[in-house]
1. Quick check: is even one residue across region 75-90 in a strand (DSSP E or B), over 19 Å from A25 (Cβ atoms) and open to solvent by 40 Å² or more (accessible area, probe 1.4 Å)?
2. So which residues in region 1-20 are surrounded by 16 or more Cβ atoms within 10 Å (Cβ to Cβ) and assigned to a helix (DSSP H, G or I)?
3. Pick out the one residue from D40, D44 that is closer than 24 Å to I2 by Cβ, out of contact with any strand residue (DSSP E or B) (no Cβ under 7 Å at 6 or more places or on another chain) and more than 16 Å from the ligand (Cβ to nearest atom).
4. So G59 clears everything in (1) on the phi < 0 side of the Ramachandran plot; (2) in contact (Cβ under 8 Å) with a residue 24 or more places away in the chain except one condition, right? Which one?
5. Taking region 18-36 only, how many residues are in contact with a helix residue (DSSP H, G or I) (Cβ under 8 Å, 6 or more places away or on another chain) and either of a type outside the set (A, V, I, L, M, F, W, C) or under 17 Å from G158 (Cα atoms) (or both)?
6. Can you spot a residue in region 221-232 that is part of a strand (DSSP E or B) and either within 30 Å of E101 (Cβ to Cβ) or over 25 Å from the mean Cα position of the chain (by Cα) (or both)?
7. Condition test on D40, is it open to solvent by 30 Å² or more (accessible area, probe 1.4 Å), assigned to a helix (DSSP H, G or I) and farther than 17 Å from A145 by Cβ?
8. Identify the residue in region 100-125 that is touching a helix residue (DSSP H, G or I) at 6+ places or on another chain (Cβ under 7 Å) and either at pLDDT below 95 or assigned to a loop (DSSP other than H, G, I, E, B) (or both) and, among all such residues, is nearest to the ligand (Cβ to nearest atom).
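The values are calculated or read from the model by the stated rules, or taken from the named source; none is laboratory data. Fair warning: this is a prediction, and the values are worked out from it, not measured in the lab. Quick reminder, even Gly has a Cβ in these numbers, built from the backbone with ideal geometry, and neighbours come from all protein chains shown. Only protein heavy atoms, including side chains, enter the accessible area calculation; ligands, DNA and RNA are left aside. Shrake-Rupley method; radii C 1.70, N 1.55, O 1.52, S 1.80 Å.
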Amino acid sequence: MIFEVLTIFPEIIENYVGCSMMKRAAQAGAARFHVRNIRDYTTDKHHVTDDVPFGGGPGMVMKPEPVAAAIDAVQALNGGALPVIYLSPQGEKWNQDLAMEFSQMPGMILICGRYEGLDERVIEKYVDREVSIGDYVLTGGELGALVMIDSITRLLPGVLGNSDSAVQDSFSSDGLLDCPHYTRPEHWNGAAAPEVLMSGHHAKINDWRRMMAMKRTRERRPDIWEKIEPTLTKKDRKLLAKLDEEQE
Ligand code: ADE
């Protein structure tokens with residue numbers, strides 16, 4: 001997976017991808033991170049990347065020429081085949097399904113805007129997908145690009161130590177939130193870890209985890225629960241009934 005990131009703050013991206021799992025993914029050859037400074041593609045003496053908006057109003061708009069030159073250069077280096085993604089609050093909202101879809105791609109060019117964003121003509125000419133990481137406005141697309149990079153990279157083969165953990169966490173395959181997790185010590189702060197987890201009985205442990213995932217999703221995310229509830233199996237319904245009984 002090749003990530004080509006275009007930004008005027010390369011340090012933000014470089015620092016994050018140089019640590020922890022992203023670093024390991026690069027070392028293992030699962031992901032390659034190339035960070036390009038859009039300012040390097042300016043042709044004027046002062047390396048200007050933004051200008052005042054036509055029509056007036058607050059903020060600045062990123063000039064089209066340097067961004068276009070950066071995209072052209074990066075496409076040429078990659079055989080012209082990478083999808084171009086622009087991070088902005090106007091995009092489709094990022095989620096685990098999109099992370100899984102994008103993890104199948106050979107790579108992508110991620111464009112991070114600043115200020116009021118890109119000149120619309122660059123978006124029309126180059127951008128294949130516009131992605132938002134949530135309904136709030138950030139000062140730039142860098143955090144969005146990193147959210148995409150992180151959530152995609154951890155899905156790549158060989159990146160997580162335990163290949164099951166990507167399948168088991170929240171929002172994967174079954175769409176439920178994740179169950180609670182515990183580790184040693186067994187007693188901490190006056191609270192004991194659930195006994196069933198110490199039983200060594202794998203079927204019971206799996207049932208308990210499934211039950212807790214359903215309970216959490218029902219309580220915390222009624223929007224998700226509404227969609228999943230009709231797909232529950234007979235066994236799921238039994239587990240839920242048992243849970244509701246215990247709580248009465
Ligand atoms: N740039 C500014 N706000 C953003 C958001 N919510 N998602 C992605 N990119 C952004």
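1. yes
2. The answer is P10, I12, I13, Y16, V17.
3. Working: D44 fails: closer than 24 Å to I2 by Cβ.
Among D40, D44, only D40 is closer than 24 Å to I2 by Cβ, out of contact with any strand residue (DSSP E or B) (no Cβ under 7 Å at 6 or more places or on another chain) and more than 16 Å from the ligand (Cβ to nearest atom).
4. (1)
5. Let us first name the residues in region 18-36 that are in contact with a helix residue (DSSP H, G or I) (Cβ under 8 Å, 6 or more places away or on another chain), namely 21-23, 25-26, 30-36.
Then keep just the ones that are either of a type outside the set (A, V, I, L, M, F, W, C) or under 17 Å from G158 (Cα atoms) (or both); that gives 21-23, 25-26, 30-34, 36.
Total meeting the criteria: 11.
6. Checked against the condition, which is being part of a strand (DSSP E or B) and either within 30 Å of E101 (Cβ to Cβ) or over 25 Å from the mean Cα position of the chain (by Cα) (or both), region 221-232 yields no hits at all.
7. Yes, satisfied.
8. Within region 100-125, the match that is nearest to the ligand (Cβ to nearest atom) is D119.
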